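Encoded as structure tokens, the structure appears first; notes follow it.
The values are calculated or read from the model by the stated rules, or taken from the named source; none is laboratory data. Because the structure is predicted, anything quoted here is derived from the model rather than measured. Note that each Cβ is placed from the backbone with ideal geometry, even for glycine, and that neighbours are counted across all protein chains shown. The accessibility values were calculated without ligands, DNA or RNA, using every heavy atom of the protein model including side chains. Shrake-Rupley method; radii C 1.70, N 1.55, O 1.52, S 1.80 Å.
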Amino acid sequence: MNLAEMLALADQATQGVEVNTTEFKPIAPGTYNVVVVGAEGPKDSKRANYANPNEFGKTIELQLEIADGANKGRKLFFTNNILVYPASPSSEDAVKAQKAMAIGANERKVILASIGKTNISDVHELIGASFSVDVTIRDYQGKKKNQVSKVKTLGGTASVASAPAFAAPQAQQTAAQTAAPSSSLPSGG
């Protein structure tokens with residue numbers, strides 16, 4: 001089948017299908033109780049390791065659904081950092097990367113605690129996790145978009161007692177140690 005035939009077939013198959021063309025409106029900033037309804041990862045992040053452009057940081061992408069209130073059922077999308085490489089060899093970028101990983105680790109501790117676990121081997125184990133998030137609005141390419149700015153327990157605490165989070169594969173641990181300065185990761189609070 002050539003392109004013209006494919007396009008004609010697609011046009012025919014979609015005749016009469018209504019498409020919502022209204023502008024997506026973000027929810028108001030605030031704290032919302034959410035449940036994880038979808039999880040993917042680890043996925044490659046957009047940032048490559050400056051020292052090895054074939055290595056990328058790793059993230060987990062969660063689809064959250066607001067559990068109650070006027071926005072019940074609305075979806076939020078959240079990316080959790082697992083492994084972050086510095087953007088350059090500068091110590092400032094290395095510290096930023098370490099902080100991003102520390103924030104990610106604290107977020108995972110809250111999420112894992114909500115399902116009574118300290119570790120998982122598959123991101124799909126996170127489906128059903130319930131916790132709270134602080135949501136803000138940011139400008140993205142001229143449009144207003146929601147952004148999850150903080151992950152908290154349902155009671156509102158932003159972190160939980162130290163517990164192991166996702167166990168990074170040995171290769172990722174080694175890469176993170178190589179890319180980061182010799183100082184230890186900042187502790188979350």
Between the modelled labels at residue 90 and residue 7 (7 Å from Cα along Cα→Cβ) the distance in nm is 4.7
I'd like the accessible area for residue 88, computed on protein heavy atoms only with a 1.4 Å probe and all protein chains in place. Round to 10 Å², please. 30
Give the residue from 98, 51, 64 lying farthest towards the positive end of the charge dipole for region 33-162; charges sit on Cβ (+1 for Lys and Arg, -1 for Asp and Glu) and the dipole is referred to the Cα centre. 64
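Take the alpha carbon gyration tensor of region 1-115, find the square roots of its eigenvalues, order them as a ≥ b ≥ c, and report rounded if a/c is under 1.5; if not, report prolate when a/b exceeds b/c, else oblate. Mind showing how you got there, number by number?
On the way: a/c = 2.74, a/b = 1.36, b/c = 2.02.
It is oblate, given that a/c is not under 1.5 and a/b is not larger than b/c.
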Net charge near residue 36 (other residues with Cβ under 14 Å of its Cβ; Lys, Arg +1; Asp, Glu -1) is -3
Candidate aspartates and glutamates - alpha carbon under 14 Å from residue 144, same-chain residues fewer than 8 apart omitted: 23
The answer for residue 154, listing residues at least 5 apart or on another chain whose modeled amide H is closer than 5 Å to its amide H, is 132
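Per residue, how much accessible surface does region 1-67 expose to a 1.4 Å probe? Answer in Å², no decimals.
Values: 4740 Å² over 67 residues.
The answer is 71 Å² per residue.
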Rounded, prolate or oblate: which one fits region 8-57, using the alpha carbon gyration tensor with axes a ≥ b ≥ c (rounded when a/c is under 1.5, else prolate when a/b beats b/c, else oblate)? oblate
Would you kindly find the accessible area of residue 140, with a 1.4 Å probe and non-protein molecules such as ligands, DNA and RNA excluded, rounding to the nearest 10 Å²? 100
In the full protein assembly as shown, how much of residue 7 is accessible to a 1.4 Å probe, in Å² to the nearest 10? 100
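Once R0 is set to 25 Å, what does the formula 1/(1 + (r/R0)^6) return for the Cβ-Cβ distance between residue 122 and residue 75, expressed as a FRET efficiency to the nearest 0.05?
FRET efficiency, residue 122 to residue 75: 0.70.
Using DSSP to define loop residues, name the trypsin sites (Lys or Arg not before Pro) in region 59-97 whose beta-carbon has at most 11 other beta-carbon atoms within 10 Å. The partial results should precede the final answer.
Details: sites: 72, 74, 75, 96; in loops: 72, 74.
Answer by residue number: 72.
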Calculated FRET value between residue 144 and residue 50, using beta carbons and R₀ = 45 Å, to 0.05: 0.90
